[in-house]
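Heads up: the structure comes next, in structure tokens.
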Amino acid sequence: MRQFLIRRFIKDYEDVKNPAVRESYGRLAGIVGIVSNVLLCGLKIAAGLLFSSIAILADGINNLADASSSLITLIGFRLASKPADEDHPYGHARIEYITGLIVSLLIIILGLQLLSTSVEKILHPDPLEFSILSVAVLITAIAVKIWQANFNIKMGEAIDSAALKATGQDSRNDVISTSVVLLGILIGKLAGIQLDGILGTLVALFIVYSGFQLIKETSDPLLGQAPEPALVEAIQAHVKAHPGVLGIHDLVIHDYGPGRIFASVHVEVDAHRNLMESHDMIDNIERSVGRELHIQLTIHMDPLDTKDPLTGRVRDELLEITSGMEDILSTHDLRVVSGCTHHNVIFDVVVSRDCRMTDSEIKTRLTEALKARNPKYCTVITVEHNFVGEAALNNVKMQ
């Protein structure tokens, strides 16, 4: 069914990096969510009112929240697809994250309202009338929600949309909550135990919990979470694949929403190579990354002296020193300016976020270790903290 809908309503559905295609995916998912959730909401509310079940009624209102979420998601995808303008030069794709945040808040508000109603039901219970019809409605709802969860998660994976993945997870949560309500009705019929208000409370608490979880998932990109290791590795591998690239460092990735990724990186090249050739290579890398990874990459070119024997010796010594220091992730931008009385050793060092040493302590330790090998070494060290997550860094101490 999902593939049929995609092929029927989404033009060029395989070009998932295209913002227009992404919008089509979001629009289709939103419409499907609105229609299916409104139908489920109507069935459950009718059954809840007919058989005086606050648990079924609560579950139905939860579906109304889902329908509202789908509507907001639909609007969000539409707004997120707006092109860049003078006030928003990086586009409007982050609206998709804001949309998810609004949906999360709406879920929490409805959950709290249902909690109040369910507690009232516990304090003043009404007899619950068992019906095969109510059981059939809940079984149908569970089947539809299982399909919804699979539909939204697969759609979210296809276009790498956190909003759609979260919607799919919410549908999975609905499967659990509806199953709990169904179980309570069956227990009430078989054992004569009144659990309607209690189960309504549990469902309401579950809705509130899901809302807070969704807030975290949708707000993390807005707060600037670390990029996915797979994305970092893809950029690194693509850049390093070009002949003439000796190493890379200082990779920074900015996420302005799905399909709107900007990045910068330093690329080391042979200082003795023709400058125009190196510049042409850098231009080609930027264009190919944009074409194949859909990332706007800006590269800073760092010349590396590959023929100076002193620089090579210092590089080996520094690698030996840092290999025994777990807090140091890598070093780069090594330059050695030799002189008669001293040699200036200039380099940057990237440290772990868990490092307990201060920047001053790191500089002192490295300086002392280098001077132990050659008293003429005078260090100029810059301490850096990586911006792409340590799990994504290559296991290389020296670039």
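The values are calculated or read from the model by the stated rules, or taken from the named source; none is laboratory data. If you're wondering where the values come from, they're calculated on a predicted model, not measured in any experiment. Methodologically, a virtual Cβ is constructed for each residue, glycine included, from the backbone with ideal geometry; neighbour enumeration extends over all protein chains shown.
Scan segment 280-314 for residues that are crowded, with 18+ Cβ neighbours inside 10 Å and more than 33 Å from the chain's Cα centre (by Cα) and the total you get is 3.
Among the residues examined, Ser24 qualifies as out of contact with any Cys (no Cβ under 8 Å at 6 or more places or on another chain), surrounded by 15 or more Cβ atoms within 10 Å (Cβ to Cβ) and free of Cβ contacts under 8 Å to residues at least 24 places away in the same chain.
Residues that are assigned to a loop (DSSP other than H, G, I, E, B) and of a type in the set (Val, Ile, Thr): does segment 273-283 have at least one?
Filtering segment 273-283 down to residues assigned to a loop (DSSP other than H, G, I, E, B) leaves 273-274.
Next, from what is left, pick out any that are of a type in the set (Val, Ile, Thr): none.
No, the conditions are met nowhere in segment 273-283.
For first residues located in segment 103-118 and more than 20 Å from Leu164 (Cβ to Cβ), partners that are aliphatic (A, V, I, L, M) and modelled with pLDDT under 75 and lie 6+ apart or on another chain with Cβ distances below 6 Å form the pairs Leu110/Ala65; Leu114/Ala58; Ser118/Ile54. Mind listing just one residue for me: the one in segment 323-342 that is at pLDDT below 90 and hydroxyl-bearing (Ser, Thr, Tyr) and, of those, surrounded by the fewest Cβ atoms within 10 Å (Cβ to Cβ)? The residue in question is Ser323. Residues in segment 286-303 include none that are hydrophobic (A, V, I, L, M, F, W, C), part of a helix (DSSP H, G or I) and either in contact with a Lys or Arg (Cβ under 7 Å, 6 or more places away or on another chain) or under 30 Å from Val337 (Cα atoms) (or both). Taken over segment 280-337, the criterion of being among the small types (Gly, Ala, Ser) and either touching a residue at least 24 places away in the same chain (Cβ under 8 Å) or more than 30 Å from Gly257 (Cβ to Cβ) (or both) is satisfied by Ser288, Gly312, Ser323, Gly324, Ser330. Here's a check for you: in segment 272-308, which residue that is touching a Leu at 6+ places or on another chain (Cβ under 6 Å) and aliphatic (A, V, I, L, M) is farthest from Gly247 (Cα to Cα)? Filtering segment 272-308 for residues that are touching a Leu at 6+ places or on another chain (Cβ under 6 Å) and aliphatic (A, V, I, L, M), the one farthest from Gly247 (Cα to Cα) comes out as Val289. Across segment 53-79, the qualifying residues are those that are polar (S, T, N, Q) and in contact with a Gly (Cβ under 6 Å, 6 or more places away or on another chain), and the one among them that is farthest from Ala162 (Cα to Cα) is Ser70. Scanning segment 245-272 for residues that are under 20 Å from Gly224 (Cα atoms) and either of a type in the set (Val, Ile, Thr) or assigned to a helix (DSSP H, G or I) (or both) yields Val252, Ile253, Ile261, Val265.
Determine whether Leu275 is more than 19 Å from Glu228 (Cβ to Cβ) and out of contact with any Gly (no Cβ under 9 Å at 6 or more places or on another chain).
Values: more than 19 Å from Glu228 (Cβ to Cβ): yes; out of contact with any Gly (no Cβ under 9 Å at 6 or more places or on another chain): yes.
In short, yes.
Which ranges mark the helices (runs of 4 or more DSSP H) fully within segment 1-107 that have 2 or more residues being among the β-branched types (Val, Ile, Thr) and within 27 Å of the chain's Cα centre (by Cα)? Spell out how you get there, then give the answer.
On the way: elements: 2-9, 19-50, 54-80.
Answer list for segment 1-107: 19-50, 54-80.
Being surrounded by 14 or more Cβ atoms within 10 Å (Cβ to Cβ), assigned to a helix (DSSP H, G or I) and in contact (Cβ under 8 Å) with a residue 24 or more places away in the chain, is that true of even one residue in segment 122-134? Looking through segment 122-134, at least one residue is surrounded by 14 or more Cβ atoms within 10 Å (Cβ to Cβ), assigned to a helix (DSSP H, G or I) and in contact (Cβ under 8 Å) with a residue 24 or more places away in the chain.
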